[in-house]
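These notes are about the structure you will find just below.
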2 protein chains.
Amino acid sequence: MQADIITIGDEILIGQIVNTNAAWLGAELTQLGFSIRRMLTIPDLAEAIRDTLDDSIAHSDLLVITGGLGPTNDDKTKDTLKAYFNGKFVVHVPTLLHLEQFFATRNRELSERNRRQAEVPDTCEPLLNRHGTAPGMLFRKQEKWIASLPGVPFEMKGIYEEELLPRIKAAFRLPVIKQVTVLTVGLSEAETADRLSDWENSLENGVALAYLPSPGILRLRITISGENEIYINRLIKKKQQELEQLLGAAHVFGTNEDQLEAVLGQLLRERGATLATAESCTGGNLAHLITSVPGASAYYRGSIVAYANEIKQEILGVTPQSIHEKGAVSQEVVEQMAQGARARLGTQYAIATSGIAGPTGGTPEKPVGTVWIAVATPNTTVSRCFALGTHRERCISVASYYGLNLLRTIICENS
Amino acid sequence: MQADIITIGDEILIGQIVNTNAAWLGAELTQLGFSIRRMLTIPDLAEAIRDTLDDSIAHSDLLVITGGLGPTNDDKTKDTLKAYFNGKFVVHVPTLLHLEQFFATRNRELSERNRRQAEVPDTCEPLLNRHGTAPGMLFRKQEKWIASLPGVPFEMKGIYEEELLPRIKAAFRLPVIKQVTVLTVGLSEAETADRLSDWENSLENGVALAYLPSPGILRLRITISGENEIYINRLIKKKQQELEQLLGAAHVFGTNEDQLEAVLGQLLRERGATLATAESCTGGNLAHLITSVPGASAYYRGSIVAYANEIKQEILGVTPQSIHEKGAVSQEVVEQMAQGARARLGTQYAIATSGIAGPTGGTPEKPVGTVWIAVATPNTTVSRCFALGTHRERCISVASYYGLNLLRTIICENS
């Protein structure tokens, strides 16, 4: 089964907006078992839309079109589809009721222009938009499906999931495809590939592994396709376990949409434990990640961002002698920072970072990218040194995740 | 003049990668005066590439193709272009020399497979890739130009700017187009539109204004096109001044690629002044923004992220009475936080934030999104209250920028 993903909108063509809708739909339809023939972006012009429909309907089984459904005159999609499929406008009553409520709860008048958004061609099946004002439309031509969805990403995703996806699943005969993404931290792509190479080479037919790297975090997606759902469910569980075993609990922190900062937060919450941080090179990013999790105040007390050495001394209690003899980026100083944060902020655990994020400040012994990370616990202080490269933002991001993971592994090993 | 932007690569079609190359090229070519006819993504298949070339060459003046130039077997672009334009492979000597050096400096052997990357069809003009291994290629067919660039974004951008752009400018007769983007903070899109509406309605022909919003920052792009470069240069300067006057120095912080955190850093650096922060609701993000600027240690000393009330009291010296009577999110507490950070960290200036980022913790008097921001200076303490909405990440981001801007305006007003 082939699918085309069509985006209509000048704002995409002039580069004002990056087309994330196409990527999202590409992943969704691929996961359903469609092969994507093309992604195409065209302007808000009736002729361009008609030419595209001719070509796509001739070659693909499913067309998903996004954009061009707004109430203003520069949006041409609905009128063009009405003419192309020989329809006339009729009111879609569920959409009209939704619009009346939508505007009433916002204390706004339902204008004539907005009321007309409830009109759809009588040759389509309307798809109710619970998240905005423009309904989606589903046309069928012989065996081909043509779906038109709004361009606003959360509206598009909502209609797709609630209205279009169930219809596609019921009507198309698609292979069974299952995916699981294993989330890892602390191993590079090359190190991971080395550890997995024998296993990867022996993977059964229909089993695929994709590497999805981002700074500090490497996501590994297993995809299995075939005919027998029970067999595939069993096989994907087995493959996931094998993969997790090869990489180890020190590196695997979750699956799918998990976030390291939330996984760590949950561990602390379950134990009634509290956390503080002391940051030099990460400059507040560690605190920012931890506090991006709603409810973090239940376990997180705060951070001392000690960019200046005097603050490391005065607030965290690092000894001037250690800074003088070993340097601010050293095992001795980072351990004192972690212990100082733990004592000063009164928590069970503390994470500390000290490093050279660059672009300047490196020396032959301590090049840019050298980062010391320490975790202080009620019983001990553990520290590690990493070489994280010369890209400043990347170094800050990776060091933050490595700090979170060092504490995660210490908590897991001791419980 | 029309242009097509073609992306070749399965990883885009399956949604593994968002196509940022197309958006970047769309903005670049639009700015040059091209009208983008379509953006198209197709698989690594010779037949799909040939069909696309036929159609694009028939309709557009310029095709920019990215992707599919790697040395592995799944990349088909170079072989397909060679056959399409009836060429045979010849070695591009500058690329071969570059490859030898590229691999030598990385202590890697130049394999036969990689050596073949220096081969290009003799029917193209090679475009040297100083940033990677695969060269670009420029074919011409009658008056039409077909450029093939690698898919890795920084390689693509490098070849475009160094090799392709000068050739396009020299050969195509394009209208003169000038752009300037005015950067603002602290006004919503609707407030800005209200202030600008008379001015916008009276804009001359050929002058366009685009609103480019992001959390906390609103970028306003003025575009002017025409024939006479001297006139356009004068007009865009005038329009920029008018726009900046209408919005005011309290909101306009820079132009084009400026960043608020770097603009503030430069002000502090010029004055030899120092800065500290005290953060509750922004949870370290303010410190993270400030320290994302290379060399921030020259003026930034650190932050107290005081998530727990005890830390506001013990380290920042907020009185328990203020927290008890006014609450942690109050003018009294946020001003004490700023003063405490200034005194404790020994700086001229301090910024403090205290608010309810949500999703829970709101009350009828202080709903989610209520944020107090204070700046302490050697002479005074200034504070403001904002309602920043119920989206946690957005609230944290906007509050951070508003805090930076409050200090920026105070410094600018006093100098």
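Here is how the numbers come out for the structure above:
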quantity	calculated
Some residue of segment B:264-279 being in contact with a helix residue (DSSP H, G or I) (Cβ under 7 Å, 6 or more places away or on another chain) and facing chain A (nearest Cβ under 8 Å)	yes
Check on residue B:282, among the β-branched types (Val, Ile, Thr), more than 30 Å from residue B:179 (Cβ to Cβ), in a loop (DSSP other than H, G, I, E, B) and touching a Ser or Thr at 6+ places or on another chain (Cβ under 6 Å)	yes
Matching option when the condition is at pLDDT 90 or above, farther than 30 Å from residue A:264 by Cβ and not assigned by TED's automatic domain parsing to the domain that holds residue A:131, among A:205, A:201	A:201
Residue pairs meeting the criteria (Cβ under 8 Å; at least 6 apart or on separate chains; first under 24 Å from residue B:267 (Cβ atoms), in segment B:229-254; second among the aromatic types (Phe, Trp, Tyr) and assigned to a helix (DSSP H, G or I))	B:243/B:199; B:246/B:199
Selection within segment A:269-300 - over 27 Å from the mean Cα position of the chain (by Cα) and not small (Gly, Ala, Ser)	A:271, A:274
Top-ranked residue in segment B:357-384 [being more than 28 Å from residue B:271 (Cα to Cα) and at pLDDT 95 or above; ranked as surrounded by the fewest Cβ atoms within 10 Å (Cβ to Cβ)]	B:370
Any hit, segment A:177-184, residues being farther than 30 Å from residue A:121 by Cβ, among the hydrophobic types (A, V, I, L, M, F, W, C) and crowded, with 20+ Cβ neighbours inside 10 Å	yes
Residue A:264 surrounded by 21 or more Cβ atoms within 10 Å (Cβ to Cβ) and in a helix (DSSP H, G or I)	yes
Among the candidates A:15, A:67, residue that is without any contact (Cβ under 8 Å) to a residue 24 or more places away in the chain and in contact with a helix residue (DSSP H, G or I) (Cβ under 9 Å, 6 or more places away or on another chain)	A:15
So residue B:236, is it closer than 30 Å to residue B:173 by Cβ and either modelled with pLDDT of 95 or more or of a type in the set (Lys, Arg) (or both)	yes
Hits in segment B:311-337 (condition: within 14 Å of chain A (Cβ to nearest Cβ), crowded, with 23+ Cβ neighbours inside 10 Å and assigned to a helix (DSSP H, G or I))	B:311, B:312, B:337
Residue check, residue B:360 over 18 Å from residue B:382 (Cα atoms) and either outside the structural domain of residue B:390 (by TED's automatic domain parsing) or outside any helix (DSSP H, G or I) (or both)	yes
Only one of A:345, A:388, A:407 that is touching a residue at least 60 places away in the same chain (Cβ under 8 Å) and more than 13 Å from chain B (Cβ to nearest Cβ)	A:407
Yes/no for residue A:343 being more than 18 Å from residue A:289 (Cα to Cα) and either surrounded by fewer than 24 Cβ atoms within 10 Å (Cβ to Cβ) or charged (D, E, K, R) (or both)	yes
Qualifying residue in segment B:71-82 (condition: assigned to a strand (DSSP E or B) and either of a type in the set (A, V, I, L, M) or outside the structural domain of residue B:135 (by TED's automatic domain parsing) (or both))	no
Positions within segment B:388-410 being under 22 Å from residue B:336 (Cβ atoms), out of contact with any Cys (no Cβ under 8 Å at 6 or more places or on another chain) and not hydroxyl-bearing (Ser, Thr, Tyr), in sequence order	B:403, B:404, B:405, B:406, B:407, B:410
Residue identified as farther than 18 Å from residue A:398 by Cα, surrounded by fewer than 16 Cβ atoms within 10 Å (Cβ to Cβ) and acidic (Asp, Glu) among A:270, A:244	A:270
Residue in segment B:9-27 that is in contact with a Pro (Cβ under 8 Å, 6 or more places away or on another chain), surrounded by 15 or more Cβ atoms within 10 Å (Cβ to Cβ) and modelled with pLDDT under 95 present	yes
Whichever residue in segment B:289-302 is surrounded by 24 or more Cβ atoms within 10 Å (Cβ to Cβ) and without any contact (Cβ under 8 Å) to a residue 40 or more places away in the chain and, among such residues, is farthest from residue A:354 (Cα to Cα)	B:299
Given (1) part of a strand (DSSP E or B); (2) closer than 30 Å to residue A:6 by Cβ, number of the condition residue B:90 does not satisfy	(2)
Candidates B:132, B:136 - the one that is touching a helix residue (DSSP H, G or I) at 6+ places or on another chain (Cβ under 7 Å), modelled with pLDDT of 95 or more and not polar (S, T, N, Q)	B:136
Strands (runs of 3 or more DSSP E) wholly inside segment B:122-171 that include at least 2 residues being crowded, with 22+ Cβ neighbours inside 10 Å	B:136-141, B:144-149
Subset tally (residues that are of a type in the set (A, V, I, L, M) and more than 25 Å from residue A:1 (Cβ to Cβ)) for segment A:107-160	6
Failed criterion for residue B:352 (all others in (1) buried (at least 23 other Cβ atoms within 10 Å of the Cβ); (2) within 12 Å of chain A (Cβ to nearest Cβ) hold)	(2)
Per-region count, segment B:249-263, residues over 18 Å from the mean Cα position of the chain (by Cα) and among the aliphatic types (A, V, I, L, M)	2
Filter result for residue B:50 (at pLDDT 95 or above and either of a type in the set (Lys, Arg) or not assigned by TED's automatic domain parsing to the domain that holds residue B:156 (or both))	yes
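Matching residues to (1) touching a helix residue (DSSP H, G or I) at 6+ places or on another chain (Cβ under 8 Å); (2) modelled with pLDDT of 90 or more; (3) assigned by TED's automatic domain parsing to the domain that holds residue A:72; (4) polar (S, T, N, Q):
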{"site": "A:100", "(1), (2), (3), (4)": "no, yes, yes, no"}
{"site": "A:103", "(1), (2), (3), (4)": "yes, no, yes, no"}
{"site": "A:112", "(1), (2), (3), (4)": "no, no, yes, no"}
{"site": "A:116", "(1), (2), (3), (4)": "no, yes, yes, no"}
{"site": "A:127", "(1), (2), (3), (4)": "yes, yes, yes, no"}
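Matching residues to (1) under 26 Å from the mean Cα position of the chain (by Cα); (2) touching a residue at least 60 places away in the same chain (Cβ under 8 Å); (3) not assigned by TED's automatic domain parsing to the domain that holds residue A:160:
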| site | (1), (2), (3) |
| --- | --- |
| A:29 | yes, no, no |
| A:32 | yes, yes, no |
| A:36 | yes, no, no |
| A:39 | yes, no, no |
| A:45 | no, no, no |
| A:55 | no, no, no |
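The values are calculated or read from the model by the stated rules, or taken from the named source; none is laboratory data. Model, not experiment: these values are computed from the prediction. So basically every Cβ, Gly included, is an ideal-geometry build from the backbone, and we count neighbours across all protein chains shown.
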